[in-house]
Amino acid sequence: LTVRIDNGANCAVLLESKFGYGKDYRNVAYFNCGIGLRTGVINNGNIIRTMNNIEDAFGHMTVDIDGEKCHCGNYGCVEVYSSAAGIVKKYVSEVKKGRKSINKPLEKIGFIDICEAADEGDELSREVIIHAALVLGTGLANFMNLFNPDIIILSGPLNKHSSLYYEIASEH
């Protein structure tokens, strides 16, 4: 058997295109939404690679030129707002401003807690998840205009733990 090694998102999009949701399409985009945002793209049956062959290029698409600083050094990246890390950061920031919601020590609150609280109707958690998903949806709309994929597959921990995140991002 031939063995090839690649980054996780490229492997995921390849498997989706061969055996998963993308098996009937030539142009497949795969987004893993978790601590960061990872992307794999197949266009006309070929994996599209970024210049540095990194899987987080989509996450560093600027969606707010006056936005928050990202760990990459740019401002207003999709990942700053739409990743699990971005969601926790936004939630913590709002709690420090005096808003209360999840009854747990702040340093122990993770994105899963926020996702669950949002599903249970917690107002602050819902606001944070909705905002994150709207920003992701904006990035996805830009991506669709550039690449015109036949199918976009949203995967990863955020989509697994928050139906609200998935619904808002895919509707936008």
In the stretch 47-105, what residues are open to solvent by 60 Å² or more (accessible area, probe 1.4 Å), outside any loop (DSSP other than H, G, I, E, B) and more than 17 Å from residue 31 (Cα to Cα)? 69, 75, 89, 90, 96
For residue 130, indicate whether it is surrounded by fewer than 19 Cβ atoms within 10 Å (Cβ to Cβ) and among the β-branched types (Val, Ile, Thr). yes
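Matching residues to (1) of a type outside the set (Val, Ile, Thr); (2) within 23 Å of residue 162 (Cβ to Cβ); (3) at pLDDT below 95:
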{"site": "3", "(1), (2), (3)": "no, no, yes"}
{"site": "36", "(1), (2), (3)": "yes, yes, yes"}
{"site": "44", "(1), (2), (3)": "yes, no, yes"}
{"site": "54", "(1), (2), (3)": "no, no, yes"}
{"site": "77", "(1), (2), (3)": "yes, yes, no"}
{"site": "88", "(1), (2), (3)": "no, yes, no"}
{"site": "99", "(1), (2), (3)": "yes, yes, yes"}
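Which residues, counting only those in the stretch 13-31, are surrounded by 22 or more Cβ atoms within 10 Å (Cβ to Cβ) and either in contact with a Pro (Cβ under 7 Å, 6 or more places away or on another chain) or modelled with pLDDT under 95 (or both)?
28, 29
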Can you report the number of residues in the stretch 133-172 which are of a type in the set (Val, Ile, Thr) and open to solvent by less than 40 Å² (accessible area, probe 1.4 Å)? 4
Under 8 Å by Cβ, and 6 or more places apart or on different chains, what pairs join a residue from the stretch 139-155 that is free of Cβ contacts under 8 Å to residues at least 24 places away in the same chain with one that is open to solvent by 80 Å² or more (accessible area, probe 1.4 Å) and in a helix (DSSP H, G or I)? none
Matching residues, the stretch 118-127, being on the phi < 0 side of the Ramachandran plot and open to solvent by 10 Å² or more (accessible area, probe 1.4 Å): 119, 120, 122, 123, 126, 127
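Of all residues in the stretch 23-38, count the ones that are assigned to a strand (DSSP E or B) and under 15 Å from residue 77 (Cα atoms).
Total meeting the criteria: 3.
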Report every pair of residues separated by at least 6 positions or lying on different chains whose Cβ atoms are under 8 Å apart, first residue within the stretch 117-129 and free of Cβ contacts under 8 Å to residues at least 40 places away in the same chain, second among the aromatic types (Phe, Trp, Tyr). 124/91; 125/91
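Any residue that is within 30 Å of residue 99 (Cα to Cα) and either of a type outside the set (A, V, I, L, M, F, W, C) or touching an Asp or Glu at 6+ places or on another chain (Cβ under 6 Å) (or both) - is there at least one of those in the stretch 149-156? Even if it seems obvious, please write down each step before you answer.
Start the filter on the stretch 149-156 by keeping residues that are within 30 Å of residue 99 (Cα to Cα), which leaves 156.
Cutting the leftovers down to either of a type outside the set (A, V, I, L, M, F, W, C) or touching an Asp or Glu at 6+ places or on another chain (Cβ under 6 Å) (or both) gives us 156.
Within the stretch 149-156, one or more residues are within 30 Å of residue 99 (Cα to Cα) and either of a type outside the set (A, V, I, L, M, F, W, C) or touching an Asp or Glu at 6+ places or on another chain (Cβ under 6 Å) (or both).
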Only residues that are over 19 Å from the mean Cα position of the chain (by Cα) and open to solvent by less than 30 Å² (accessible area, probe 1.4 Å): list them for the stretch 1-12, please. none
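The values are calculated or read from the model by the stated rules, or taken from the named source; none is laboratory data. The structure presented is a predicted model; accordingly, all values stated were derived computationally and were not measured. So basically every Cβ, Gly included, is an ideal-geometry build from the backbone, and we count neighbours across all protein chains shown. With ligands, DNA and RNA removed, areas are computed over all heavy atoms of the protein, side chains included. Shrake-Rupley method; radii C 1.70, N 1.55, O 1.52, S 1.80 Å.
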